[in-house]
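**Student:** This is the structure I have questions about; it appears just below.
The values are calculated or read from the model by the stated rules, or taken from the named source; none is laboratory data. Since the structure is predicted, the reported quantities are computational estimates derived from the model, not experimental observations. Neighbour counts run over all protein chains shown; Cβ positions are idealised from the backbone, glycine included.
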Amino acid sequence: MNTGEFINDLILWWGDLSYSVWMFFALFLPLTAVIYQLTPAKSRKFVLLGASWVFFASLSKWLLIVNILESVFVWKMALQIEKISKDKSIKRKERAAKRTRTLVWGIISLLLILVGFKYLDFLGLNLVRISQLFRHPVNWKMLNLAAPLGISYYTLMAISYLTDVSREDIKADKSLANVALYLSFFPKIVEGPITRYGEDSKALFAGNPINYNDLAQGYQRIAWGLFKKIVIADQLAPSIPALFEGTYTDGGVALYAAFAFTIQEYMDFSGSIDIVIGSARIFGVRMAENFTQPFFAKNASDFWHRWHITLGTFFRDYIFYPVSLAKPVMKFTKKVKNIAGQGVAHFTAPTIALFLVWLSNGIWHGPRWTYIFYGMYYFVLIFIENILEEPFLKFLSKIHLSEESIPVRVFRFVKLFFIIIIGEMFFRAQTMEVGISMFKSIFTNLRFDMLLANIGNLNMDFYAFVSVYAGLAVVIAVSIMKEIRFPIRAKLESLPIAVRFTFWYVCIFVIIIFGAYGTGYSSEDLIYAQF
Amino acid sequence: MGDLGKKKNNILKAAAFLSVLAILIIAASLAVKPKYGEVYDISKTNRKQIAVSAEKKDSIDVFFAGDSVVYRSISPLQLFADHGFTSYDLSDSALRLCDAVSMVETAYEKHSAKVIVLETDALFTDASPHRDVYAHPANALEDLLPIFHYHVFYKTWLPSVAAESSTVDLHNLLKGFEYTDSVIAYEGSADYMKEGPSRARMSKECLDYLNELHSFAKEKGAELLLVSVPRPLGWNDARHDAVADWAEKNSVSYTDLNKEDIGIDWKTDTMDAGDHMSFEGSKKVSSYIGRYLTENYNLEDHRDDPDYGSWAESYREAGIY
């Protein structure tokens with residue numbers, strides 16, 4: 001074996017450590033932590049950067065170069081933007097315009113790279129369809145490009161960094177290693193969260209030694225994430241493709257499919273984020289939460305304040321507010337006010353911004369019309385909610401019911417539950433046709449006999465069903481406790497050490513025994529890693 | 001307590017926690033590791049055990065063991081209808097030999113078949129109960145700590161349940177055979193047996209499991225028969241010779257249907273271009289094997305025995321013949 005082959009094998013082996021969720025948590029993470037701890041504080045960020053690059057290369061091979069080049073580009077652009085901000089030789093207005101031009105150029109470059117890797121085939125195929133409509137067909141040869149790991153996530157982080165530097169909310173970092181680490185930190189590179197430079201940079205670059213509390217709480221969070229991911233999501237996963245094949249015509253099957261996929265997706269994504277947050281915590285980095293009991297939200301808008309929070313706040317801060325306050329939008333709002341009055345004008349700017357937010361949300365999820373539909377679905381629902389909220393509250397006061405009363409809460413919960421699962425049904429459907437036919441069947445053929453007859457043939461045995469739904473009950477119980485702010489961790493920590501240890505041993509063995517891994521299970525990719 | 005004391009205390013707590021965890025994992029590994037007959041896929045072998053245990057005690061005359069080639073080629077219902085003896089396909093997709101042997105051994109807890117037929121495709125695939133430890137560190141972990149390999153052990157301890165009954169019912173209706181209406185013609189050479197390497201060797205693990213099955217058959221007073229089903233994509237002269245050598249050396253009967261004229265038409269008799277038999281192909285293979293077994297082994301005809309009335313009923317209910 002020559003040196004190149006040896007290095008390649010070493011990277012693949014290390015990559016295997018990182019890719020398998022078990023190996024990541026039992027070997028990759030401890031090995032990285034030990035090397036980190038043994039390294040002098042000043043150099044610890046280089047250990048994290050090295051581990052992140054190896055992690056990246058093991059999953060995305062040579063595409064690591066793209067991430068590194070983008071890091072260099074972002075680092076340089078941020079310094080350039082800051083330089084313009086500090087340049088007092090030019091007038092303020094001119095300076096702002098120049099800074100904005102540089103920022104826009106930087107953002108467009110980053111978006112072009114993203115589009116180049118992820119959306120070219122989609123655009124090409126749609127160009128072919130459009131050209132056929134005009135009877136001047138063009139050809140498109142599929143490129144099937146592999147995208148660098150986490151490009152959708154780190155592109156947004158890079159945009160937020162450049163924008164924040166441009167807004168002078170943060171200073172441009174002079175250290176290329178810092179910017180590269182921010183854009184490739186291994187726990188968050190696969191599925192986010194989409195963190196802000198100002199939030200995690202301090203702890204990430206400080207090189208603080210690992211302490212007992214961070215280590216213990218980090219691993220406890222990882223265990224919770226593993227439970228959600230491999231005991232619930234991965235056990236449920238084999239049943240999902242059959243439910244979405246489009247071969248079942250029962251509305252009952254469509255409803256169960258929507259419900260089961262919603263559970264799988266939430267457990268997979270929020271479980272992975274728990275693992276990410278726990279892993280970062282080990283190194284003293286406290287990452288932003290991405291989920292706060294989303295199913296207890298009071299409406300669709302509130303749901304998106306609790307589900308994939310960092311994506312929502314990104315769109316809020318970098319699309320919604322800037323668009324709402326943009327001069328052309330303000331001018332347009334004034335015109336609307338003159339024509340249609342204050343009532344309509346009140347909704348104009350937020351609606352335009354909301355439309356762009358949800359279009360971006362749909363497109364960000366990937367090159368598929370079902371994702372764009374998913375974005376538009378929430379745009380329409382939130383728009384309707386915004387209009388109806390006030391009349392609804394007036395109606396409640398008329399019938400002497402408070403917003404917090406149980407009937408209102410139950411109504412809101414049921415309404416939102418169906419909104420969520422129908423949205424997820426379209427989100428998961430391979431094509432719009434499948435989604436529409438499943439949706440129609442709920443209204444035209446709502447029977448449950450086919451579901452009941454086939455529930456035993458969904459690639460899940462009885463015990464897998466039991467462990468999934470018992471696991472779900474545990475997650476619901478914990479979510480309720482979190483929602484009512486019951487101090488779970490404090491209560492646990494107040495228990496005698498033997499009881500506490502026993503509790504964690506039981507948790508670990510539940511994951512080992514009921515997890516879907518090893519022989520007889522196919523490894524399940526992280527759902528949000530594909531976006 | 002000072003900072004140093006607190007640090008020491010934390011280190012001690014972490015060490016105690018990890019030590020007890022290690023002991024628990026090792027103890028659990030020792031508890032779940034089978035004392036003998038390790039298997040690769042405990043879920044598969046367990047499913048088959050549940051299915052075959054649903055058959056009436058001592059009611060099976062012949063067991064067919066092997067991978068997917070078996071359940072696509074040999075139909076116990078057709079064999080019963082044509083010859084009157086009972087049989088069961090103890091096969092699963094990509095089944096490793098260790099699991100095939102374990103399935104047969106477990107099935108003998110309830111049955112005492114006179115013949116064990118092993119389809120030979122499984123003799124040239126990985127037979128080990130363990131995954132390749134060099135291929136992935138997770139495999140090494142499973143090998144080192146069997147709790148990770150046998151973590152679904154509880155399924156073998158708990159009873160089978162109603163939710164699985166539909167799968168088991170379907171399985172038992174066809175006695176392990178799987179029906180397909182798929183047909184994709186094989187368009188390769190008719191001389192496929194001459195293709196491939198000049199020599200083939202069974203791995204040491206395959207030989208060990210084959211010897212174990214042979215000894216087991218002897219111990220149970222059963223005959224072992226090796227059968228190779230027609231299969232252009234997976235069989236050739238080199239493999240035939242390796243099996244024939246072993247069979248001769250161990251005085252075990254071997255029949256290779258690739259070398260017999262059983263009227264296979266490769267346009268209609270394969271479901272996937274030469275890998276597995278189509279339903280039409282399975283009729284020809286079952287017909288040949290039925291004759292072979294009837295002529296060479298003293299198998300009872302149960303067709304007029306009211307105790308085996310359910311077999312005739314299954315044949316009618318299946319509605320595929």
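**Student:** Report, by residue number, each residue of the range A:210-235 that is touching a residue at least 40 places away in the same chain (Cβ under 8 Å) and aromatic (Phe, Trp, Tyr). Reasoning before the result, please.
**Tutor:** Applying the first criterion (touching a residue at least 40 places away in the same chain (Cβ under 8 Å)) to the range A:210-235 yields A:210-211, A:214-215, A:217-235.
Those that are touching a residue at least 40 places away in the same chain (Cβ under 8 Å) and aromatic (Phe, Trp, Tyr): A:TYR219, A:TRP224, A:PHE227.
**Student:** If you go through the range B:63-80 one residue at a time, how many are buried (at least 24 other Cβ atoms within 10 Å of the Cβ) and either among the β-branched types (Val, Ile, Thr) or in a loop (DSSP other than H, G, I, E, B) (or both)?
**Tutor:** The qualifying residues number 4.
**Student:** Here is a further query. Looking only at residues in the range A:223-242 that are touching a Leu at 6+ places or on another chain (Cβ under 8 Å) and surrounded by fewer than 24 Cβ atoms within 10 Å (Cβ to Cβ), which one is farthest from A:ASP169 (Cα to Cα)?
**Tutor:** Among residues in the range A:223-242 that are touching a Leu at 6+ places or on another chain (Cβ under 8 Å) and surrounded by fewer than 24 Cβ atoms within 10 Å (Cβ to Cβ), the one farthest from A:ASP169 (Cα to Cα) is A:ALA242.
**Student:** Still on this structure, I have one more. Any idea which residue in the range A:292-312 is nearest to A:VAL47 (Cα to Cα), counting only those that are aromatic (Phe, Trp, Tyr) and buried (at least 20 other Cβ atoms within 10 Å of the Cβ)? Let's see the steps before the verdict.
**Tutor:** Start the filter on the range A:292-312 by keeping residues that are aromatic (Phe, Trp, Tyr), which leaves A:295-296, A:303-304, A:307.
The next check asks that each one be buried (at least 20 other Cβ atoms within 10 Å of the Cβ); those that pass are A:303-304, A:307.
On the way: A:PHE303: 38, A:TRP304: 35, A:TRP307: 32 Å.
The extreme case among them is A:TRP307.
**Student:** While we're on this one: Which of the residues belonging to the range A:20-64 are at pLDDT below 85 and within 14 Å of another protein chain (Cβ to nearest Cβ)? Quick ask: steps written out before the conclusion?
**Tutor:** Within the range A:20-64, the first condition is being at pLDDT below 85, and the residues that meet it are A:20-28, A:58-61.
Within the range A:20-64, A:SER20, A:VAL21, A:TRP22, A:MET23, A:PHE24, A:PHE25, A:ALA26, A:LEU27, A:PHE28, A:SER58 qualify.
This table checks each residue for (1) closer than 30 Å to A:LEU354 by Cα; (2) hydroxyl-bearing (Ser, Thr, Tyr); (3) out of contact with any Leu (no Cβ under 8 Å at 6 or more places or on another chain).
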site	(1), (2), (3)
A:LYS394	yes, no, yes
A:HIS400	no, no, yes
A:ILE421	yes, no, no
A:THR431	yes, yes, yes
A:MET450	no, no, yes
A:GLY471	no, no, yes
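**Student:** Within the range A:245-266, identify whether any single residue is of a type in the set (S, T, N, Q), in contact (Cβ under 8 Å) with a residue 60 or more places away in the chain and assigned to a loop (DSSP other than H, G, I, E, B), and answer yes or no. Outline the logic, then answer.
**Tutor:** First pass over the range A:245-266, keeping only residues of a type in the set (S, T, N, Q): A:247, A:249, A:262, A:264.
From what is left, the residues that are in contact (Cβ under 8 Å) with a residue 60 or more places away in the chain are A:249, A:262, A:264.
After this cut, where a residue has to be assigned to a loop (DSSP other than H, G, I, E, B) as well, the list is A:249.
There is at least one residue in the range A:245-266 that is of a type in the set (S, T, N, Q), in contact (Cβ under 8 Å) with a residue 60 or more places away in the chain and assigned to a loop (DSSP other than H, G, I, E, B).
**Student:** Just name the residue that is farthest from B:GLY319 (Cα to Cα) out of those in the range B:102-136 that are of a type in the set (Phe, Trp, Tyr) and in a loop (DSSP other than H, G, I, E, B). Lay out the reasoning, then the answer.
**Tutor:** Let us first name the residues in the range B:102-136 that are of a type in the set (Phe, Trp, Tyr), namely B:108, B:124, B:134.
This time we only want the ones that are in a loop (DSSP other than H, G, I, E, B), so: B:108, B:134.
Details: B:TYR108: 29, B:TYR134: 48 Å.
That would be B:TYR134.
**Student:** Scan the range A:279-290 for residues that are within 16 Å of the chain's Cα centre (by Cα) and buried (at least 17 other Cβ atoms within 10 Å of the Cβ) and jot them down. Full working, then the answer.
**Tutor:** Taking the range A:279-290 first, the residues within 16 Å of the chain's Cα centre (by Cα) are A:287-290.
Passing the criteria: A:MET287, A:ALA288, A:ASN290.
**Student:** Out of the range B:174-190, which residues are farther than 18 Å from B:VAL62 by Cβ and of a type outside the set (Asp, Glu)?
**Tutor:** B:TYR179, B:THR180, B:SER182, B:VAL183, B:ILE184, B:ALA185, B:TYR186, B:GLY188, B:SER189, B:ALA190
Residue-wise test of (1) under 21 Å from the mean Cα position of the chain (by Cα); (2) surrounded by fewer than 16 Cβ atoms within 10 Å (Cβ to Cβ); (3) part of a helix (DSSP H, G or I).
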residue: B:LYS175; (1), (2), (3): yes, no, no
residue: B:SER182; (1), (2), (3): no, yes, no
residue: B:ARG201; (1), (2), (3): yes, yes, no
residue: B:TYR209; (1), (2), (3): yes, no, yes
residue: B:LEU213; (1), (2), (3): yes, no, yes
residue: B:ALA217; (1), (2), (3): yes, no, yes
residue: B:LEU225; (1), (2), (3): yes, no, no
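**Student:** Restricting to the range A:204-221, name every residue that is part of a helix (DSSP H, G or I) and away from every other protein chain (no Cβ under 14 Å). It would help to see each step written out before you state the result.
**Tutor:** Keep residues of the range A:204-221 that are part of a helix (DSSP H, G or I), which gives A:204-206, A:212-221.
Within the range A:204-221, A:LEU204, A:PHE205, A:ALA206, A:ARG221 meet the criteria.
**Student:** Here is a follow-up. Within the range A:464-491, can you find the residues that are within 14 Å of another protein chain (Cβ to nearest Cβ), free of Cβ contacts under 8 Å to residues at least 24 places away in the same chain and among the aliphatic types (A, V, I, L, M)? Can you show your working first?
**Tutor:** Restricting attention to the range A:464-491, the residues satisfying the condition of being within 14 Å of another protein chain (Cβ to nearest Cβ) are A:464-470.
Keeping just the survivors that are free of Cβ contacts under 8 Å to residues at least 24 places away in the same chain gives A:465-466, A:469-470.
Residues satisfying the conditions are A:VAL466, A:ALA470.
**Student:** On to the next question. For the range A:129-144, how many residues meet the condition of being surrounded by 14 or more Cβ atoms within 10 Å (Cβ to Cβ) and in a helix (DSSP H, G or I)?
**Tutor:** Of the residues in the range A:129-144, the ones surrounded by 14 or more Cβ atoms within 10 Å (Cβ to Cβ) are A:131, A:140.
With the extra rule that they be in a helix (DSSP H, G or I), the set shrinks to A:131.
So the answer is 1.
**Student:** Report yes if B:PHE17 is assigned to a helix (DSSP H, G or I) and more than 13 Å from every other protein chain (Cβ to nearest Cβ), otherwise no. Walk me through how you get there before you give the answer.
**Tutor:** Values: assigned to a helix (DSSP H, G or I): yes; more than 13 Å from every other protein chain (Cβ to nearest Cβ): no.
For B:PHE17, the condition - assigned to a helix (DSSP H, G or I) and more than 13 Å from every other protein chain (Cβ to nearest Cβ) - is not met.
**Student:** Looking at this structure, is A:GLY343 over 22 Å from A:SER160 (Cα atoms), assigned to a helix (DSSP H, G or I) and out of contact with any Asp or Glu (no Cβ under 7 Å at 6 or more places or on another chain)? Don't jump to the end; show me each part of the working.
**Tutor:** Values: over 22 Å from A:SER160 (Cα atoms): yes; assigned to a helix (DSSP H, G or I): yes; out of contact with any Asp or Glu (no Cβ under 7 Å at 6 or more places or on another chain): yes.
Against the criterion (over 22 Å from A:SER160 (Cα atoms), assigned to a helix (DSSP H, G or I) and out of contact with any Asp or Glu (no Cβ under 7 Å at 6 or more places or on another chain)), A:GLY343 qualifies.
**Student:** Another question about this same structure. For B:ASP99, indicate whether it is in contact with a Ser or Thr (Cβ under 7 Å, 6 or more places away or on another chain) and either in a helix (DSSP H, G or I) or assigned by TED's automatic domain parsing to the domain that holds B:ALA222 (or both).
**Tutor:** Numbers: in contact with a Ser or Thr (Cβ under 7 Å, 6 or more places away or on another chain): yes; either in a helix (DSSP H, G or I) or assigned by TED's automatic domain parsing to the domain that holds B:ALA222 (or both): yes.
Yes; evaluated as a whole, the condition is true for this residue.
Listed here are the residues, each with its yes/no results for (1) assigned to a strand (DSSP E or B); (2) within 11 Å of chain A (Cβ to nearest Cβ); (3) buried (at least 17 other Cβ atoms within 10 Å of the Cβ).
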{"position": "B:LYS8", "(1), (2), (3)": "no, yes, no"}
{"position": "B:LYS13", "(1), (2), (3)": "no, yes, no"}
{"position": "B:ILE23", "(1), (2), (3)": "no, yes, no"}
{"position": "B:LYS44", "(1), (2), (3)": "no, yes, yes"}
{"position": "B:LYS48", "(1), (2), (3)": "no, no, yes"}
{"position": "B:ALA51", "(1), (2), (3)": "no, no, yes"}
{"position": "B:GLU55", "(1), (2), (3)": "no, no, yes"}
{"position": "B:ILE60", "(1), (2), (3)": "no, no, yes"}
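**Student:** So which of B:ALA242, B:ALA312 ends up being over 22 Å from B:ALA94 (Cα atoms) and not in a loop (DSSP other than H, G, I, E, B)? Please lay out each step first, then the result.
**Tutor:** Numbers: B:ALA242 fails: over 22 Å from B:ALA94 (Cα atoms).
Checking each option against the conditions leaves just B:ALA312.
**Student:** Within the range B:26-42, which residues are in a loop (DSSP other than H, G, I, E, B), at pLDDT 75 or above and either hydrophobic (A, V, I, L, M, F, W, C) or touching a Ser or Thr at 6+ places or on another chain (Cβ under 9 Å) (or both)? Full working, then the answer.
**Tutor:** Looking only at the range B:26-42, we keep the residues that are in a loop (DSSP other than H, G, I, E, B), and these are B:33-41.
From what's left, at pLDDT 75 or above: B:33-34, B:38-41.
Across the range B:26-42, the qualifying residues are B:PRO34, B:GLU38, B:VAL39, B:TYR40, B:ASP41.
**Student:** Follow-up. Out of the residues in the range A:181-203 that are in a helix (DSSP H, G or I) and surrounded by fewer than 22 Cβ atoms within 10 Å (Cβ to Cβ), which is nearest to the other protein chains (Cβ to nearest Cβ)?
**Tutor:** From the range A:181-203, those in a helix (DSSP H, G or I) are A:181-184, A:186-189, A:197-203; that's our starting set.
Okay, now just the ones that are also surrounded by fewer than 22 Cβ atoms within 10 Å (Cβ to Cβ), so A:198-203.
Working: A:GLY198: 31, A:GLU199: 28, A:ASP200: 25, A:SER201: 27, A:LYS202: 23, A:ALA203: 20 Å.
That would be A:ALA203.
**Student:** If you don't mind, there's one more thing I want to ask. Do you know which residues across the range A:156-188 are touching a residue at least 60 places away in the same chain (Cβ under 8 Å) and of a type in the set (Val, Ile, Thr)?
**Tutor:** Hits for the range A:156-188 are A:ILE159, A:THR163, A:VAL165, A:VAL179.
**Student:** Let me ask you something else. Of everything in the range B:103-126, what is under 13 Å from B:HIS214 (Cα atoms) and in contact with a Ser or Thr (Cβ under 9 Å, 6 or more places away or on another chain)? Give them in sequence order.
**Tutor:** Matches in the range B:103-126: B:VAL115, B:VAL117.
**Student:** What about A:GLY312, is it under 17 Å from the mean Cα position of the chain (by Cα), free of Cβ contacts under 8 Å to residues at least 60 places away in the same chain and either more than 19 Å from A:TYR517 (Cα to Cα) or not in a helix (DSSP H, G or I) (or both)? Outline the logic, then answer.
**Tutor:** On the way: under 17 Å from the mean Cα position of the chain (by Cα): yes; free of Cβ contacts under 8 Å to residues at least 60 places away in the same chain: yes; either more than 19 Å from A:TYR517 (Cα to Cα) or not in a helix (DSSP H, G or I) (or both): yes.
Yes.
**Student:** Here is a list: B:LEU144, B:LEU158. Which entry is surrounded by fewer than 20 Cβ atoms within 10 Å (Cβ to Cβ), farther than 28 Å from B:GLY221 by Cα and modelled with pLDDT of 80 or more?
**Tutor:** Working: B:LEU158 fails: modelled with pLDDT of 80 or more.
Only one candidate qualifies: B:LEU144.
**Student:** Report, ordered by the first and then the second residue, all pairs with beta carbons closer than 7 Å, sequence separation of six or more or different chains, a first member in the range A:109-124 that is among the β-branched types (Val, Ile, Thr), and a second member that is in a helix (DSSP H, G or I).
**Tutor:** Close Cβ pairs satisfying both conditions: A:ILE113/A:GLU70.
**Student:** Would you mind stating whether A:ASP449 is within 13 Å of chain B (Cβ to nearest Cβ) and of a type in the set (D, E, K, R)? Quick ask: steps written out before the conclusion?
**Tutor:** On the way: within 13 Å of chain B (Cβ to nearest Cβ): no; of a type in the set (D, E, K, R): yes.
Here the answer is no, as A:ASP449 does not meet what is asked.
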